[in-house]
Amino acid sequence: MPAAKRPRTPELPPGPPPSRIRIEAPQPAVDAGRHPAKRCVGDTVEVSADILRDGHEVLRAVVRYRPDDPGEHWREAPLTHADAHVEGDRWAGRFSVEAVGGWTWTIQAWVDPFAAWRDELARKLAFGQGDLSRELSEGAVLLAEAAANAKGADRQAIQHTLKTVQDPQAPEHAKCDAALGAELFAAVELAQPRHECTTLEPHAAVEVDRVRARYSTWYELFPRSWGGFAGVTAQLPRLAELGFDVLYLPPIHPIGETNRKGRNNALAAGPDDPGSPWAIGHRDHGGHDALHPDLGTDAEFDAMVAGAREHGIDVALDFAIQCSADHPWLTEHPEWFNRRPDGTLKYAENPPKKYQDIYNLDWNTEDWRALWQALYAVVRGWVDRGVRVFRVDNPHTKPFSFWGWLIEEIRRDDPDVLFLAEAFTRRKVMQELAKIGFNQSYTYFTWKNARWEIREYLEELAHGPERDYFRPNFFVNTPDILSAYLVEGGPAAFYARLLLAGLLSPSYGIYSGFEHYENVPVAPGSEEYLHSEKFEAKQRALDGPMLPFVQRLNAIRAEHPALQHLSNLQFLDTENDALVAFHKRTGDDSVIAVVNIDPHGAQEGVVLVAYESGLPPAFTVEDLLSGERFDWRLGRNYVRLDPSFRVGHVLAVRP
């Protein structure tokens with residue numbers, strides 16, 4: 001017979017026994033803490049977690065937080081039971097962040113034996129149980145422990161109670177009254193040790209940006225259509241007056257001559273055709289680190305950036321990682337480009353679009369380190385000249401790892417720099433770009449036109465998991481995107497889309513020409529503009545008929561904090577699919593908006609104000625566009641919107 005196996009002696013971990021407290025499902029957490037959640041300066045970070053322990057002990061918990069600075073100490077804010085309907089195991093609290101950069105937070109939970117003892121004593125008294133001397137002796141031990149840590153008046157209060165509890169001459173009811181005092185309880189809570197103290201590991205992270213990352217108003221223009229840098233500088237006071245705080249410029253670098261595109265994307269350019277700004281690089285004038293000589297001098301560019309800053313405007317530069325056939329890198333670093341077997345380069349394509357005037361870089365090059373460093377040097381050079389915002393062209397076609405590295409390295413020294421991802425691609429890819437560091441993102445808003453799809457998409461952005469890391473920017477048009485809704489809807493469609501973009505999203509933008517109702521496509525069904533500014537210079541001026549309305553909308557956004565957030569969005573039913581209604585509230589600021597999305601005719605219906613809105617049963621609203629006042633109430637409110645003169649209401653709730 002085989003020898004009997006000796007039983008294995010189980011091993012136990014060294015040190016004290018494992019904690020009996022569990023801290024689970026902490027929020028906010030992006031991919032279980034793999035990426036930081038995002039907030040802006042002045043925001044409140046809402047924290048929650050499931051905190052539980054076996055047995056019947058009373059638990060206490062705090063959120064501990066601090067900026068990522070070696071000299072900063074931990075701060076604390078209390079956590080309390082968030083929802084009694086979830087068996088009291090969900091705890092919640094909040095803390096504020098007041099500086100740009102990384103922040104770290106964790107949760108600490110412990111057993112509160114004095115609270116448990118106090119509760120037990122009170123219940124026994126309530127049921128008339130006699131002889132509580134043993135319970136009081138247990139309490140004396142806890143009071144002595146707390147007195148050893150307490151200071152000042154708290155220590156005196158605890159010692160006074162301890163003396164009473166231990167006084168053999170004092171009646172039992174007096175001892176109990178002293179031990180159950182509210183002031184004593186507060187003093188002991190501050191002083192007693194944190195028994196079984198357990199800390200959430202690993203710690204969680206929050207990346208804090210300046211407010212412009214959440215709330216911004218963009219205007220896009222081609223400098224060559226405005227008289228170059230000097231001409232743009234002259235427009236800065238008016239842009240500020242109109243309420244824009246980000247001025248986005250397509251690429252301002254030298255443009256290649258080889259395979260230069262002509263008007264309307266023609267393959268052959270005429271002698272006076274300036275070419276597409278995205279065909280970056282010229283043999284004589286340089287590449288991504290240079291300025292197009294026709295736009296002005298270095299001094300004029302620097303003056304434009306400085307002037308914008310004086311008016312509260314950020315200049316945003318386009319960072320397009322692609323090269324014309326004349327870019328210096330093609331001769332200096334041929335190994336950075338992918339060649340066919342016959343040695344030729346393949347121009348860029350995005351079927352059915354073809355870009356014969358540009359070449360893409362080879363991200364699999366063996367010399368990838370030098371390529372990454374060169375691109376970092378480009379961005380670093382513009383940051384050193386005062387640029388603090390970059391709109392990144394097609395980031396989804398470049399490695400995630402590159403963007404994570406580049407953004408982290410730039411923001412390590414300049415945490416106020418912001419990156420907008422121009423990525424119209426698959427949802428997961430757009431989400432990943434936001435997670436790895438992009439501060440804002442283009443969205444599908446341009447193609448969401450029906451009420452149901454607007455509501456569905458915004459509910460996801462405002463209340464789904466993306467709310468912690470994905471900041472949308474609702475551009476109503478771009479040089480590449482002229483939507484069918486604008487083509488077919490005429491001026492009324494422009495006003496409807498502007499209202500939806502500016503009121504739903506804290507960040508939105510327009511490309512110049514929008515305020516002139518430009519909506520003629522190069523061909524039926526195309527999203528490309530006829531006589532696109534990408535291929536020719538125009539004579540632009542801030543004189544579009546929509547600009548007074550744009551200015552009023554931007555002023556409303558600036559005056560009402562409720563419109564500077566997305567997570568407070570609450571859609572309202574209208575009983576009419578042509579009416580989109582929603583409510584936003586921040587503190588005492590409450591705004592209700594109703595927009596007619598039918599640009600061809602009047603629409604009427606009711607707006608159902610939810611009883612959960614926090615509004616009184618009856619209230620007055622003021623239309624911030626017209627100045628009219630109306631009496632509204634919880635429940636049904638009649639509206640009629642005729643796009644020939646009124647495409648929407650923007651209603652501020654007045655006391």
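Using Cα-Cα distances under 8 Å and only pairs 6 or more residues apart, what relative contact order does the chain have, in percent? Intermediate values should be presented prior to the final figure.
On the way: 1270 pairs, mean separation 65.5, N = 655.
RCO, the chain: 10 percent.
Translational diffusion coefficient, Stokes-Einstein: compute it for the chain using the Kirkwood radius over C-alpha pairs as Rh, at 4 °C and 1.567 mPa s, and state it as an integer in µm² s⁻¹.
Roughly 45 µm²/s, to the nearest whole number.
Around Asp413, under 11 Å between beta carbons, what's the net of Lys plus Arg minus Asp minus Glu among the other residues?
For residues surrounding Asp413, the net value is -2.
Quick one: net charge of Ile454's neighbours, Cβ under 14 Å, K/R +1, D/E -1?
-3
Over the chain, with every protein chain in place, what whole percent of the accessible area is carbon and sulfur at 1.4 Å, could you tell me?
51
In square nanometres, what is the average projected area of the Cα convex hull of the stretch 465-535?
Over all viewing directions, the stretch 465-535 projects a mean Cα-hull area of 5.5 nm².
At what distance in angstrom do the alpha carbon centres of the stretch 605-629 and the stretch 69-143 lie from each other?
Their Cα centres are 42 Å away from one another.
Cα axis of helix 547-559 to longest principal axis of the chain: angle in degrees, 0 to 90, nearest 10?
The angle comes out near 10 degrees.
Quick one: helix 368-384 against the long Cα principal axis of the chain, what's the angle to the nearest 10°, folded into 0 to 90?
With rounding to tens, the tilt is 90 degrees.
Excluding ligands and nucleic acids, what accessible area in Å² is computed for Arg455 using a 1.4 Å probe, to the nearest 10?
Around 80 Å² of this residue is reachable by solvent.
State, as an integer percentage, the relative contact order of the stretch 333-489 based on alpha-carbon contacts under 8 Å between residues 6 or more apart.
15
How large is the helix-only mean residue ellipticity at 222 nm for the chain, computed as the sum of -39500 (n - 2.57) over DSSP H runs with n ≥ 4, divided by its residue count, in deg cm²/dmol to the nearest 500?
It comes out at -9000 deg cm²/dmol, rounded to the nearest 500.
If you count only protein heavy atoms with a 1.4 Å probe, what accessible area per residue comes out for the stretch 337-433, rounded to a whole Å²?
Here the per-residue accessible area is 49 Å².
If one takes the longest principal axis of the Cα atoms in the chain, at what angle in degrees, from 0 to 90 and to the nearest 10, does the Cα axis of helix 400-413 lie?
Helix 400-413 and the main axis of the chain meet at about 80 degrees.
Given H placed on each backbone N at 1.01 Å, which residues far from Val607 in sequence or on other chains put an amide H within less than 5 Å of it?
Amide H to amide H, under 5 Å and 5 or more residues apart or across chains, Val607 pairs with Asn637, Tyr638, Val639.
Can you give me the Cα centroid spacing of the stretch 149-186 and the stretch 536-591 in angstrom?
Centre-to-centre distance over Cα atoms comes out at 59 Å.
Could you state, as a whole-number percent, how many of the C-alpha pairs of the stretch 37-190 are farther apart than 28 Å? Before the final figure, lay out the partial values.
On the way: 4474 of 11781 pairs.
Every Cα pair in the stretch 37-190 considered, those over 28 Å come to 38 percent.
Using the beta-carbon distance between Leu530 and Thr44 and R0 = 41 Å, what value does 1/(1 + (r/R0)^6) give for FRET efficiency, to the nearest 0.05?
The pair Leu530/Thr44 has a calculated efficiency of 0.30.
³J(HN,Hα) across the stretch 56-67 via Karplus (A = 6.51, B = -1.76, C = 1.60, θ = phi - 60°), whole Hz, x for Gly/Pro?
So the J values, rounded to whole Hz, are 10, 5, 7, 9, 10, 7, 9, 9, 10, 8, 6, x.
Among rounded, prolate and oblate, which fits the stretch 111-177 when a ≥ b ≥ c are the square roots of the eigenvalues of its C-alpha gyration tensor, a/c under 1.5 means rounded, and a/b larger than b/c means prolate?
oblate
Using heavy-atom solvent-accessible surface (probe 1.4 Å) with all chains present, what is the largest-first order of Glu135, Glu349, Glu241?
Glu241, Glu349, Glu135
For the stretch 486-600, report the accessible area per residue in Å² (1.4 Å probe, heavy atoms, rounded to an integer).
Details: 3800 Å² over 115 residues.
Each residue of the stretch 486-600 exposes 33 Å² on average to a 1.4 Å probe.
Between their Cα atoms, which of Lys448/Lys538; Lys38/Lys428; Lys398/Lys534; Lys124/Lys163 are more than 25 Å away from each other?
Lys448/Lys538
Which cross-chain or sequence-distant (5 or more) residues have an amide H under 5 Å from the amide H of Phe474, H modelled 1.01 Å from N in plane?
Excluding prolines and chain starts, which carry no amide H, the hits are Ser507, Tyr508, Gly509.
Compare the Cα positions of Pro491, Ala213, Ala147 along the charge dipole of the chain (+1 at Cβ of Lys, Arg; -1 at Cβ of Asp, Glu; about the Cα centre) and return the one farthest towards the positive end.
After comparing all options, I get Ala147.
Which value, in Å² and to the nearest 10, is the accessible area of His531 when all protein chains are kept and the probe is 1.4 Å?
Accessible area, nearest 10 Å²: 90 Å².
Distance from the Cα centre of the stretch 272-335 to that of the stretch 451-499, in angstrom?
Distance between centres, Cα-based: 30 Å.
Using Cα pairs under 8 angstrom and six or more residues apart, how large is the relative contact order of the stretch 407-481, in percent?
Relative contact order, the stretch 407-481: 30 percent.
Rounded to a whole number of µm²/s, how large is the Stokes-Einstein D of the stretch 195-287 at 25 °C and 0.890 mPa s, given Rh as the Kirkwood radius over C-alpha pairs?
Taking Rh from Cα pairs, D becomes 142 µm²/s.
Could you list which residues have their amide H under 5 Å from that of His253, counting only those 5 or more apart in sequence or on another chain, with H placed in the peptide plane?
His292
Which value, in nm² and rounded to one decimal, describes the direction-averaged projected area of the C-alpha convex hull of the stretch 581-655?
Mean projected area of the Cα convex hull: 4.7 nm².
Using the heavy atoms of the protein chains and a 1.4 angstrom probe, tell me the accessible area per residue for the stretch 614-655 in square angstrom.
Accessible surface, normalised per residue, equals 52 Å².
Provide the percentage of antiparallel DSSP beta bridges, counting only those with both residues in the chain; round to the nearest 5.
Percent antiparallel among DSSP bridges in the chain is about 75.
For the full complex of protein chains and a 1.4 angstrom probe, list Thr80, Thr478, Thr233 by accessible area with the highest value first.
Values: Thr80 85, Thr478 10, Thr233 45 Å².
Putting Thr80, Thr478, Thr233 in descending order of accessible area: Thr80, Thr233, Thr478.
Ranked by accessible surface with a 1.4 Å probe, highest first, in what order do Trp105, Trp447 come?
Trp447, Trp105
To the nearest 10 Å², what's Arg123's accessible area with a 1.4 Å probe?
Roll a 1.4 Å probe over it and Arg123 shows about 130 Å².
The values are calculated or read from the model by the stated rules, or taken from the named source; none is laboratory data. Note that the coordinates shown come from a computational prediction; the quantities given were computed from them, not determined experimentally. Because the Cβ atoms are built from the backbone with ideal geometry, glycine has one as well, and the counts that use them run over all protein chains shown. For accessibility, only protein heavy atoms count, side chains too; no ligands or nucleic acids. Shrake-Rupley method; radii C 1.70, N 1.55, O 1.52, S 1.80 Å.
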